[in-house]
1. Applying the selection to the stretch 13-45, what residues are surrounded by fewer than 16 Cβ atoms within 10 Å (Cβ to Cβ) and under 16 Å from D136 (Cα atoms)?
2. Please enumerate the residues belonging to the stretch 204-234 that are out of contact with any Ser or Thr (no Cβ under 6 Å at 6 or more places or on another chain), within 13 Å of V180 (Cα to Cα) and either at pLDDT 85 or above or surrounded by 13 or more Cβ atoms within 10 Å (Cβ to Cβ) (or both).
3. E113 - would you say it is at pLDDT 80 or above and either within 17 Å of D136 (Cβ to Cβ) or among the acidic types (D, E) (or both)?
4. Within the stretch 132-165, can you find the residues that are assigned to a strand (DSSP E or B), at pLDDT 70 or above and not β-branched (V, I, T)?
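The values are calculated or read from the model by the stated rules, or taken from the named source; none is laboratory data. Please read these numbers as outputs of a predicted model, since none were measured by experiment. Neighbour counts are summed over all protein chains in view; Cβ atoms, including those assigned to glycine, are modelled from backbone coordinates with ideal geometry.
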Amino acid sequence: MTSWYYVEGKDRVGPVEEPKLRELLQSGALDSESYIWTKGFDNWKKFHEVEELGHLLGAEVLEEAPSQSSSFNWKGISKSEKIFMIKIGIDRGTQEVEYGPYDLDELVQAFSEKRINEKTLIYVPGQMKEWIFLADVPIYESLFNTMPPVIDEIDRRKNLRKPFVARMFFHDHEDFFEGVCRDISIGGLQILVSNFPGSVGEEVSMNVHPDNSDYCFTAKGEIVRLLDGGQGFSLRFIELNNEAKSSIESYVNRG
């Protein structure tokens, strides 16, 4: 009989078998939105997304949720292909830094040495639509020989980062500059600009103008890192009104 794991609060519980799942559903401890996992799954799924358990939910409608990285062929990758960029820092609540490119073997080694973790962001330029958590990689189990962890929704909303190309104008209270936004999250963004004299800790105000005017916004932020070679900087938002937050959330959460 298949063994299952489920999420209770922030803890993974299991293995349990189907009769126990039925009991948990009947008691209200689990419902159709609860996360479950079994060997062979690419990642955690909500109960109502698992067709083979549909009979436990009665007449509830089952639906298959698309993977965040479904357009990228993870199983067709050579282990020697150096194509993966990673972002660390936000997974530890510290300054964000981007590294790469790496191949799969290097990622596995970094994971075993605890230099990256399930909340490290990963991206393949030109082949993936957005940065995703390492925990959401479909081959997580085969790579790291363990079941994928669950990333709670608060962390997802806070850290989800997506490529975002837009012209932007900003000033440091003395001069005006024009740059290009490279990627964005609800917590901050990265700006490409040449010859910017700013330093870490300095505050800048900005107007961001993507091609799609639905996502224009103004904000104020603090420089947290200067990019190598004077190419630009990473910025953490410190003033972001509700309209700007809504624009960013709408962008990073869209398909």
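1. Once the filter is applied, which keeps residues that are surrounded by fewer than 16 Cβ atoms within 10 Å (Cβ to Cβ) and under 16 Å from D136 (Cα atoms), the stretch 13-45 yields K39, G40.
2. Listed by number, the residues that qualify are M206, V208, H209, P210, Q231, G232, F233, S234.
3. Numbers: at pLDDT 80 or above: yes; either within 17 Å of D136 (Cβ to Cβ) or among the acidic types (D, E) (or both): yes.
Yes, satisfied.
4. Of all residues in the stretch 132-165, those assigned to a strand (DSSP E or B) come to 132-133, 161-165.
Now drop any that are not at pLDDT 70 or above, which leaves 132-133.
Within the stretch 132-165, F133 is the sole residue that qualifies.
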